[in-house]
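As structure tokens, the structure follows; a few thoughts come after it.
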Amino acid sequence: MTQISAAHTPAPQQANDSSKALYGGKSNRRVTVRDLIAAKERGEKWPMLTAYDAMTASVFDEAGVPVLLVGDSMGNCHLGYDTTVPVTLDEMTMLSAAVVRGTSRALVIGDLPFGSYQEGPVQALRSATRLVKEAGVGAVKLEGGERSLAQTELLVQSGIPVMSHLGLTPQSVNTMGYRVQGRGDEDAHRLVRDAKAAEAAGAFAVVLELVPAELAAEVTRSLHIPTVGIGAGAACDAQVLVYTDMMGLTPGKMPRFVKQYADLRAQMVSAARAFSEDVVGGTFPEESHTFH
């Protein structure tokens, strides 16, 4: 089969307004964590999408999406796992490297999968170093606030930018389930403490997943670093979605916080059926598709 190389084509120099803002008007370098913090200071919101392969990453890079997360959500939407828990560091490293190769402008963040940092700071540094050295990511993400402070501090001290993940943390699905987090005074105070502790430990941003909008707004006001919402209301400094959800590729009912911007699954099913019918009916390939 002919090799497709479009994923490695550099993004066009003309970028949309949201991407230009984060670049300070420049398009000849990657977005950095400093750009994201500066965007909060200017009151500028920014988008983040997940990506798991070079081709898709190149599309989002061309569209001007400034931040791409190689999330452990790959377990559900690409590797066929029921949860994110089975995702391995080898899988994360391989797919993170693909996303980096497919981009030239976006900041690529790699998730630390379950079991790759829970033992302590040394294990976290070893895992994060693999993602930085072997995959080329510009930052890593890990779940937990106070429970992951030692890991965050060591990574930041070692020169690896860290994005924290609070609220619903999918790697803890076996203990918390899939439900809104931070409801009730005690849980809300704990989440605020976690967010401030993550900032104090050196995290450059905090993901807030499935958190009441009022609580997310309070956390956003209390931090100097950006908050990234997913099911956390409109007050967050940034928003992230799993790309297969927002593109309409994920089957079944979507969570309430997902907005579908396309119905690619239906289009792909239709195209695959049309191809199959052409082959069965003998109408493909035509003369224009044939070599002599």
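The values are calculated or read from the model by the stated rules, or taken from the named source; none is laboratory data. Bear in mind that the values here come from a model prediction, so they are computed numbers and not experimental data. Glycine also receives a Cβ, built like all others from the backbone with ideal geometry; neighbour counts cover every protein chain displayed.
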Worksheet item: Which residues, counting only those in region 64-91, are of a type in the set (A, V, I, L, M, F, W, C) and without any contact (Cβ under 8 Å) to a residue 40 or more places away in the chain?
Response: 74, 79, 87
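This table checks each residue for (1) more than 21 Å from residue 231 (Cβ to Cβ); (2) modelled with pLDDT under 95.
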| site | (1), (2) |
| --- | --- |
| 24 | yes, yes |
| 29 | yes, yes |
| 48 | no, no |
| 67 | no, no |
| 85 | no, yes |
| 109 | no, no |
| 125 | yes, no |
| 132 | yes, no |
Response to the item:
Note: among 156, 122, 162, just one is crowded, with 23+ Cβ neighbours inside 10 Å and aliphatic (A, V, I, L, M), namely 162
Worksheet item: Before we move on, is residue 147 free of Cβ contacts under 8 Å to residues at least 24 places away in the same chain and either among the charged types (D, E, K, R) or touching a Gly at 6+ places or on another chain (Cβ under 7 Å) (or both)?
Response: yes
Worksheet item: Is region 92-113 home to any residue that is touching a Lys or Arg at 6+ places or on another chain (Cβ under 9 Å), buried (at least 20 other Cβ atoms within 10 Å of the Cβ), in contact (Cβ under 8 Å) with a residue 40 or more places away in the chain and of a type in the set (Lys, Arg)?
Response: yes
Worksheet item: Considering only residues of region 69-120 that are touching an Asp or Glu at 6+ places or on another chain (Cβ under 8 Å) and among the charged types (D, E, K, R), which is nearest to residue 33 (Cα to Cα)?
Response: 105
